[in-house]
Amino acid sequence: MLIDGHLDLAFNALNGRDLTLPLEALRAADPVADETATVSLPELRAAGVRVCFGTLFALPHGAGSPGGYSDHAGARAQALAQLDTYHRWQDAGLIRLLRSREEVVAHLRGGDDATGVVLLMEGADPIRDADDLPFWTERGVRVIGPAWGRTRFAGGTDAPGPLTPLGRDLVQAMRDLHVTLDASHLDDASFWEALEIGPQVIATHANSRALVPGNRHLTDDMARAVAQAGGVIGLVFLNRFIRPLPEGSVDPVPLGELAAHARHYASLVGWEHVALGTDLDGGFGAEKTPAGVDRYMDVPAFLNDLPAEARDGVAGSNWARWLTHRL
């Protein structure tokens with residue numbers, strides 16, 4: 001069983017990828033240039049993915065898309081279109097949206113072939129303000145990362161800064177409504193301020209800053225803080241997040257170097273807090289994944305570089321424990 005902490009499924013579908021196709025068929029008709037797809041819904045099922053965190057990810061203007069949002073209304077429209085995509089897949093029996101720990105337990109115990117999806121909002125700009133949070137929770141959003149780059153709520157990747165007043169209000173509302181904070185992408189100042197407010201916290205897709213510099217990654221103290229709060233950290237399968245590389249690099253990186261991130265986290269917080277957050281097809285394709293990972297079905301090979309006693313936990317049991325006790 002695999003559980004993946006971070007996949008941009010609906011975002012890719014609305015970029016023209018038909019994720020209902022087997023991967024070979026998707027690749028043959030792929031409209032996304034220079035990014036060889038690694039993920040489709042049949043591919044996830046074939047790989048043994050029982051559950052994933054599926055994103056609502058609104059792309060801002062100037063982040064590689066001329067059609068990106070420039071205001072709250074634009075971000076909201078993108079997120080709602082993606083939400084509709086997940087519901088269409090669920091209606092077709094391809095996925096099952098999971099809104100509670102009870103639903104996760106039933107899904108993991110059941111024989112349903114559909115992949116379970118927990119909705120994660122990556123970048124909070126689709127949310128108007130704290131009073132708007134119930135609108136999204138009623139529609140199944142269970143995890144929110146306030147930042148991607150800079151948002152109206154927080155400093156983020158390559159955009160240093162604390163929580164904004166809107167951000168403080170949102171994190172307080174998340175705490176009160178039992179919505180989990182995704183610390184991935186939060187700048188250091190926003191991270192520590194958010195944790196002081198006291199929401200439940202995880203890092204769905206964040207490698208170690210001890211091995212790769214930059215505020216996109218977690219410091220050792222951040223990793224300890226996530227674990228001390230009962231959270232889990234997902235490992236990202238992007239080469240330049242595994243080894244310091246220029247952004248456009250296609251230099252191959254051995255899977256063993258990603259295992260070094262896993263071992264480093266385990267040395268700090270224990271293996272029970274380490275998991276998968278591959279982010280495959282999250283703005284990059286097979287050209288920028290570790291050597292030997294040409295498609296999602298290759299992901300389990302990563303586990304061979306881990307201690308035998310840690311493999312089941314990293315593959316899925318650690319996320320399963322978190323989901324069934326804390327979602």
Name every residue in the stretch 272-303 that is surrounded by fewer than 22 Cβ atoms within 10 Å (Cβ to Cβ), over 24 Å from Gln228 (Cβ atoms) and in contact with a Lys or Arg (Cβ under 8 Å, 6 or more places away or on another chain), in order of residue number. Ala286, Leu303
Residue ID - farthest from Thr20 (Cα to Cα), chosen from residues in the stretch 88-130 that are of a type in the set (D, E, K, R) and without any contact (Cβ under 8 Å) to a residue 24 or more places away in the chain: Glu102
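When the stretch 198-209 is examined, which residues are found to be surrounded by fewer than 17 Cβ atoms within 10 Å (Cβ to Cβ) and hydrophobic (A, V, I, L, M, F, W, C)? Break it down stepwise before answering.
Within the stretch 198-209, the first condition is being surrounded by fewer than 17 Cβ atoms within 10 Å (Cβ to Cβ), and the residues that meet it are 198.
Listed by number, the list is empty, since nothing qualifies.
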Farther than 23 Å from Ala262 by Cα, part of a loop (DSSP other than H, G, I, E, B), under 17 Å from the mean Cα position of the chain (by Cα) and of a type in the set (A, V, I, L, M, F, W, C), is that true of Ala206? no
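Where a number appears in this text, it was derived from the coordinates with a stated rule and is not lab data. Just so we're clear, the structure is a prediction, and the values are computed from it rather than from any experiment. Note: ideal-geometry Cβ built from the backbone for every residue, glycine included; neighbour counts use all protein chains shown.
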